[in-house]
Amino acid sequence: MSTGNDGRTTTHRLVADSADEYSVALPGIDLDVVRTGVGFGPNVAHATVADDVMLASGVTGFPVLGRTTVADDRVIVALLTSTPPGSRWCEIDMEPGTMLLYGPGAEHTAVSPAGLAYIALSVSLDRLAATADGAQLVVTMPHRGYVDIIQPTNQSVRLARLLGTAPDPFTEAVAAPLLAQGGEDTVLALANALSDHSLGRAAGHRAGAINSRRITADCIEYAEASHQLPSIAQLCGAVHVSERRLRNAFVDTFGMPPSTYFRHRALNKVRRQLSTEPGSAAVGVIALDAGFGNLGRFSSEYRRLFGELPSQTLRKA
């Protein structure tokens, strides 16, 4: 990571080989990431913050599943600039140019293949309201807890052009004019877009989608609290749903059944321990503690996910 500060702006740039590292590059966002494959390289994230405005961009070098919760006092706009097949955010198939608006407290789920690229603008709700009021704009304020699709209008297209379309664009030189005077012109462009009645259907907010995200979130909380690789029976009992409903919830949200998701999640935890606590225990002990009974299968799955054997991760640490 590299950071710089000129008194008004702070820049964070991260080239990450792990999902955990990737999540720290976006300040102010609660991000839970699970890596699901090798891809073509590291993930790159870049964020520049000025006052209460943040501009961020990212390119996924390896596929990840993400869960994000927006702070209660923030609004986020995300512009998708590259969407490989399988790109799916909030249960909606993404296309290049899709722009999403995240209201305060919104929950976001993402299936991001290698090569997906995005640009994000985050601003405090108070700042957005004050800018709209100062410009005498009547805006459609973001719905609390919702993720809305911003439909193409003159003003929303202008906002997209202002943010740019190149992957990973926010070097300090590019970010500087967008964050001049605390990013006032950029926030005003967002306010103008929201004054143009540009909000479309809520992304992934049909009743079934909300329930699926709630089921998956509750299952993850259960697995984290129990510190084990949960069985399907345990998950069904914990969230009080049938096996079929459980499977559908995970396929809807993450594109895979719960057994696959939790094995990926457990493998990510093993990698984290091997990378950060190399002297804590032998690989076999760590794998068994994580719930992997067949060490041969564990090593094979680990290599398929991270492109190296667990012993190689341990040696690098």
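The values are calculated or read from the model by the stated rules, or taken from the named source; none is laboratory data. What you are looking at is a predicted structure, and each value in this text was computed from that prediction instead of being measured. Counting neighbours? That spans all protein chains shown, and the Cβs are built from the backbone with ideal geometry, glycine included.
Yes or no: Val270 over 30 Å from Lys316 (Cβ atoms), surrounded by 15 or more Cβ atoms within 10 Å (Cβ to Cβ) and outside the structural domain of Ser87 (by TED's automatic domain parsing)?
It is false that Val270 is over 30 Å from Lys316 (Cβ atoms), surrounded by 15 or more Cβ atoms within 10 Å (Cβ to Cβ) and outside the structural domain of Ser87 (by TED's automatic domain parsing).
Given Ala135, Ala71, which one is within 20 Å of the chain's Cα centre (by Cα) and either hydrophobic (A, V, I, L, M, F, W, C) or at negative phi (or both)? Walk me through how you get there before you give the answer.
Values: Ala135 fails: within 20 Å of the chain's Cα centre (by Cα).
Answer to the selection: Ala71.
For the subset of segment 236-258 comprising residues that are surrounded by fewer than 19 Cβ atoms within 10 Å (Cβ to Cβ) and of a type in the set (A, V, I, L, M, F, W, C), which member is nearest to Gly37 (Cα to Cα)?
Met256
Hey, can you tell me all the residues within segment 234-255 that are in contact (Cβ under 8 Å) with a residue 24 or more places away in the chain and outside any helix (DSSP H, G or I)?
Val241, Gly255
Is there any pair with a first residue in segment 103-129 that is in contact (Cβ under 8 Å) with a residue 12 or more places away in the chain and a second that is part of a strand (DSSP E or B) and surrounded by fewer than 19 Cβ atoms within 10 Å (Cβ to Cβ) whose Cβ atoms are under 9 Å apart and which are 6 or more apart or on different chains, and what are they?
Going by the 9 Å Cβ cut-off, the qualifying pairs are Gly105/Thr69; Ala106/Thr69; Glu107/Thr69; His108/Thr69; Gly115/Ser82; Leu116/Ser82; Ala117/Ser82; Tyr118/Ser82.
Out of all the residues in segment 164-200, which are at pLDDT below 70 and touching a helix residue (DSSP H, G or I) at 6+ places or on another chain (Cβ under 9 Å)?
Within segment 164-200, Ala166, Pro169, Phe170, Ser198 meet the criteria.
Would you check if there is a residue in segment 288-311 being of a type in the set (A, V, I, L, M, F, W, C) and out of contact with any helix residue (DSSP H, G or I) (no Cβ under 8 Å at 6 or more places or on another chain)?
So far as segment 288-311 goes, no, none of its residues is of a type in the set (A, V, I, L, M, F, W, C) and out of contact with any helix residue (DSSP H, G or I) (no Cβ under 8 Å at 6 or more places or on another chain).
Which of the residues belonging to segment 80-94 are farther than 21 Å from Val251 by Cβ and either surrounded by fewer than 20 Cβ atoms within 10 Å (Cβ to Cβ) or without any contact (Cβ under 8 Å) to a residue 40 or more places away in the chain (or both)?
Correct list: Leu80, Ser82.
Just to be sure before I move on: is Leu55 in contact (Cβ under 8 Å) with a residue 40 or more places away in the chain and part of a strand (DSSP E or B) in the structure I sent?
yes
For segment 64-127, which strands (runs of 3 or more DSSP E) that fit wholly inside it have 2 or more residues that are in the same structural domain as Asp32 (by TED's automatic domain parsing) and at pLDDT below 90?
Numbers: elements: 64-69, 74-82, 99-102, 107-112, 117-124.
Because the criterion is at least 2 residues that are in the same structural domain as Asp32 (by TED's automatic domain parsing) and at pLDDT below 90, the strands (runs of 3 or more DSSP E) in segment 64-127 that meet it are 64-69, 107-112.
Condition (residue is out of contact with any Cys (no Cβ under 6 Å at 6 or more places or on another chain) and closer than 15 Å to Gly37 by Cα) applied to segment 276-298: is it met by at least one residue?
yes
Pick from Ala233, Ala225, Ala282: which is at pLDDT 95 or above and exposed (fewer than 13 other Cβ atoms within 10 Å of the Cβ)? I'd like the intermediate steps shown before the answer.
Numbers: Ala225 fails: at pLDDT 95 or above; Ala282 fails: at pLDDT 95 or above.
The conditions single out Ala233.
Please go through segment 220-277 and give me each residue that is within 24 Å of Cys90 (Cα to Cα) and among the hydroxyl-bearing types (Ser, Thr, Tyr), ordered by number.
Within segment 220-277, Tyr222, Ser242, Thr253, Ser259, Thr260, Tyr261 qualify.
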